[in-house]
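One structure is given here, and the rest of the page talks about it.
The values are calculated or read from the model by the stated rules, or taken from the named source; none is laboratory data. Note that this is a predicted model, so its numbers are computed, not measured. Here the Cβ positions follow ideal geometry from the backbone for every residue, glycine too, while neighbour counts run over all protein chains shown. To get the accessible areas, we keep the full protein, side chains included, count just its heavy atoms, and leave off ligands, DNA and RNA. Shrake-Rupley method; radii C 1.70, N 1.55, O 1.52, S 1.80 Å.
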Amino acid sequence: TLAQSQQGHPLLNSDFTVSGGVFFPRKEFKLGVNGDELRPDDPIDWNDSIGYKEDESTFAVDLKWRFGEKWSVSGQYWQTSDSSTATLEEDIHWEDVVFNEGTFVEGGVGLKVARVFFGRTFSTSEHHEFGLGLGLHWLEIEAHLGGQVLTNVGDTEYYRGSVSADAPLPNIGGWYTYAFSPKWAVYTRLDWLSASIGDYSGGLWNLGAGVNWAFSEHFGVTAAYNYF
């Protein structure tokens, strides 16, 4: 963490902070791809069907800029992606194509998340800070699947299908930081969104918590957990 150092912990009184590091996500993906002939099949469980890795290492970037006495803007970016091969233990429907049980396939899923948040501080002191605000998450998700499929004339051919979607999702949220000393502080952050469009509805939770050790004037180390 890079920060302008003042008296007290940098997370409470620095005008600008930047954090970058490695995180280790545990992932669960269930996605379905409907075609022209809609099917009532369950979504594809990528962890079980394709052998998608649940654990990996990737990176994340966070920043925060305070302007004025009570206002701030923060940003966050992280991504995760993986691909694997497997022999299917059950049929998988992808659009209007069926990958039959016993087919050798290669598939993958990727997710990118960018967050911008405008916040206002409502309670602050030398040791703590509480604020609320509005933000925007930009989500981009991609999935692909390839393997031999049965054609209408009874032959087999290689088929690879890929889909992607992205969308901005506005949300409300809040944060709280407490400093035990000028070197140690804990924080938590919560973003929430719920929306319904036609027959579809969904929710988004982005919860983070961590502890920071400011071991020098301008540098520190954070250990954190994020649930998305």
Among the residues of segment 84-94, is there at least one that is modelled with pLDDT of 90 or more and among the aromatic types (F, W, Y)?
no
Step by step: first the residues of segment 171-228, then only those that are of a type in the set (D, E, K, R) and at pLDDT below 90, then the one that is most open to solvent (accessible area, probe 1.4 Å). Which residue is that?
D199
All but one of (1) more than 14 Å from the chain's Cα centre (by Cα); (2) open to solvent by 20 Å² or more (accessible area, probe 1.4 Å) hold for I92, so report the exception by its number.
(2)
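One line per residue, one yes/no per condition, for (1) under 24 Å from P170 (Cα atoms); (2) modelled with pLDDT of 85 or more; (3) of a type outside the set (A, V, I, L, M, F, W, C); (4) not in a loop (DSSP other than H, G, I, E, B):
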| residue | (1), (2), (3), (4) |
| --- | --- |
| D36 | no, no, yes, no |
| F59 | yes, yes, no, yes |
| W65 | yes, yes, no, yes |
| G102 | no, yes, yes, no |
| V105 | no, yes, no, yes |
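Let's see how each residue does on (1) under 18 Å from the mean Cα position of the chain (by Cα); (2) of a type outside the set (D, E, K, R); (3) more than 24 Å from F59 (Cβ to Cβ):
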position	(1), (2), (3)
L88	no, yes, yes
N100	no, yes, yes
L139	yes, yes, no
L193	yes, yes, yes
